[in-house]
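See structure below.
The values are calculated or read from the model by the stated rules, or taken from the named source; none is laboratory data. Just so it is clear, the structure is predicted and the values come from calculations on it, not from any experiment. Don't worry about glycine lacking a Cβ; one is built from the backbone with ideal geometry, like all the others, and counts go over all protein chains shown. Surface accessibility is based on the protein's heavy atoms, side chains included, excluding ligands, DNA and RNA. Shrake-Rupley method; radii C 1.70, N 1.55, O 1.52, S 1.80 Å.
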Amino acid sequence: MESLNPWEAALEYFDEAADLMRLDPAIHEVLRRTKRSLIVSVPVRLDSGTVAVFTGYRVHHDVTRGPAKGGIRYHPGVSLDDVKALAMAMTWKCAVVNVPYGGAKGGIAVDTNGMSRGEIERMTRRFASEILPFIGPGRDIPAPDLNTDEQIMAWIMDTYSVNVGYSVPGVVTGKPVSIGGSEGRAEATGRGVMYQILSALKTRGTIVDDVSVAVQGFGKVGGSVARLLHEQGCRIVAVSDVKGGVLNERGLDPDAVERHRRATGSVTGLPGADTISNAELLALDVEVLIPAALQGVLNESNVDAVRARVVAEAANGPTTPIADRALNERGVLIIPDVMANAGGVVVSYFEWVQDLQAFFWTEEEVKARLRQIMERAFLDVFGMARAKGYTMRQAATIIAVSRVAEAWRVRGLYP
């Protein structure tokens, strides 16, 4: 039976790449471990007056190429292994697009459904105070992730700034533009996925117009990539959220889906569309499948049902190693998460640079620079995969690990 433990999957992908590239055994051993892991208790006074205690995490995988970078998520399934795997993925993600960061991740094991805005703010500020020694603009720069947003980043920035005694906008990215956020950051991850998909379709000689697309996970990333691909002429035939999905073979209007979701709390029940399950969505006969929700949704139990020709991993770790091998054997082009969803960290890097300089760019400048980096990364990875006979994931990981290993080699081992 296949293990769905995210840390074990991350190590399996890394070990495979390390073997293929004959990585120095010492560096291999170092990079199989996280540099530091912090587990904190997060006591929060609820509106009722009672105190609830949640568990929070912040992990740095590697910081050889620069300060740690990674999101903070609020989800009941957050665990140490979950965060370690995501931190390792961030190391490779930053390296494959060649931005000068190491990998980090964090989160709180909590279900925020039903929590008031005040409770979430108090929890966020307490968590920020607990991880304060870990973070800073030259040390570790958090960003939004699952169930967190620009307001939560603003609270973390304010908590950090109050504690040091002056405003430090560069301590987080993905915050509001009014306090040092970047134009174009909100849709950066989805826009990066779009650039990767367009590049993949071009290499396959596929005309973009009327390309069929299914999006599993109509959230911040899935919703934006659906809208952006729709604007490019693609046909969004199905989308889903945690409650289920909707299907219309003639195509859905992502803006109409979003209006319905906001009005009802779910994409399900959209007028003019058929209701389908998430499992049915993953099995649709489409050109492009975009898993944009949680880890492990494509696995041993359902991989045989997948009929998409391209899988673009907008989520982190949506494909398990067994499913990855099966899809590659069938000739499915997988755009791996470390490259597909790297648009967020690229524009986070832009935001951090702007904060450090106190000099800000226009949205058009941000989009142009993001496109250049994402297209270059795709061509680097696709070129290696084709030349060496690697899968896209193997090539992406090898390029990323090579850059980190070179930094390790040049810096040396202290003492």
In order over the range 112-127: 3J(HN,Hα) from phi, Karplus 6.51/-1.76/1.60, θ = phi - 60°, whole Hz, x for each Gly or Pro, gives 7, 4, x, 7, 6, 4, x, 5, 5, 5, 5, 5, 4, 5, 5, 4
Select from the range 1-100 those trypsin sites (Lys or Arg not before Pro) which occupy a DSSP coil region and have at most 15 other Cβ atoms within 10 Å, ordered by residue number.
Arg22, Arg32, Arg33
Report, to the nearest whole %, how much of the accessible area of the range 349-397 belongs to carbon and sulfur atoms, 1.4 Å probe, protein only.
52
Given the convex hull over the Cα atoms of the range 346-415, what projected area results after averaging over all orientations, in nm²?
6.8
Which entries of Lys35/Lys93; Lys69/Lys388; Lys202/Lys243; Lys93/Lys220; Lys93/Lys202 show an alpha-carbon separation above 25 angstrom in the structure shown?
Lys69/Lys388; Lys202/Lys243
If each of Arg411 and Gln357 carries a label point 7 Å out from its Cα toward its Cβ, how far apart are those two points in nm?
2.5
How far apart, in nm, are two points set 7 Å out from the Cα along the Cα-to-Cβ line at Glu364 and at Arg45?
5.1
Between rounded, prolate and oblate, where does the range 190-252 land on the alpha carbon gyration tensor, with a ≥ b ≥ c its root eigenvalues, rounded for a/c under 1.5, else prolate if a/b exceeds b/c?
oblate
What residues from the range 215-230 fall in the zone where the backbone N is under 20 Å from a label point 7 Å along the Cα-to-C-beta line of Glu2?
215-217
So what is the accessible area of the range 141-214 per residue, in Å², with the probe set to 1.4 Å?
37
For the range 125-224, list log₁₀ I(q)/I(0) at each q in 0.13, 0.20 Å⁻¹, using the Debye formula over Cα point scatterers of equal strength and ignoring solvent, two decimals each.
-0.58, -0.96
Using only the Cα atoms of the chain, construct the convex hull and provide its projected area averaged over every direction, in square nanometres to one decimal.
20.4
Using 0.36 nm per residue of separation minus the Cα-Cα distance, give me the extension gain between Asn302 and Arg117 in nm, one decimal.
62.8 nm
Treating only Lys and Arg (+1) and Asp and Glu (-1) as charged, each at its beta carbon, one finds that the range 296-352 has a dipole about its Cα centre, in Debye to the nearest 20, of 200
For the range 17-112, accessible area per residue (1.4 Å probe, heavy atoms of protein chains only), Å²
36
Explain nothing, just the number: dipole magnitude of the chain about its Cα centre with +1 on each Lys and Arg Cβ and -1 on each Asp and Glu Cβ, in debye rounded to the nearest 20.
920
Computed FRET value (nearest 0.05) for Ile207 with Asp274, which takes r as the C-beta separation and R₀ as 22 Å:
0.25
Run through the DSSP bridge list for the chain and note the antiparallel percent, rounded to the nearest 5.
50
In the range 141-266, carbon and sulfur make up what percent of the accessible area (probe 1.4 Å)?
49
Select from the range 86-178 those GluC sites (Glu not before Pro) which occupy a DSSP coil region and have at most 16 other Cβ atoms within 10 Å, ordered by residue number.
none
Which FRET efficiency value, to the nearest 0.05, is calculated for Arg139 and Glu249 with the Förster distance at 51 angstrom and r the Cβ-Cβ distance?
0.50
Candidates Thr34, Thr64, Thr362; GNM for the chain (alpha-carbon contacts under 10 Å) flags as most fluctuating Thr362
Honestly the range 1-88 on the Cα gyration tensor test (a ≥ b ≥ c root eigenvalues; a/c under 1.5 rounded, otherwise a/b vs b/c for prolate or oblate) is just prolate
Along the charge dipole of the chain, Cβ charges K/R +1 and D/E -1, which of Ala273, Val353, Gly383 sits furthest on the positive end?
Val353
Taking θ as phi - 60°, what are the ³J(HN,Hα) couplings along the range 35-47 by the Karplus curve (6.51, -1.76, 1.60), each to the nearest whole Hz, with x for Gly and Pro?
5, 7, 9, 10, 10, 10, 8, 10, x, 9, 7, 7, 4
Taking the Cα centre of the range 144-212 as origin and charging only Cβ (+1 Lys, Arg; -1 Asp, Glu), how large is the dipole, in debye to the nearest 20?
240
Which whole-angstrom value gives the distance between the alpha carbon centres of the range 263-323 and the range 172-204?
21
Those trypsin sites (Lys or Arg not before Pro) from the range 105-148 that are DSSP loop and have at most 16 other Cβ neighbours within 10 Å turn out to be Arg139
Which length gain, in nm to one decimal place, applies between Asp81 and Arg32 when the Cα-Cα distance is subtracted from 0.36 nm times their residue separation?
16.4 nm
Can you tell me, using C-alpha contacts under 8 Å and at least 6 residues apart, the relative contact order of the chain as a whole percent?
16
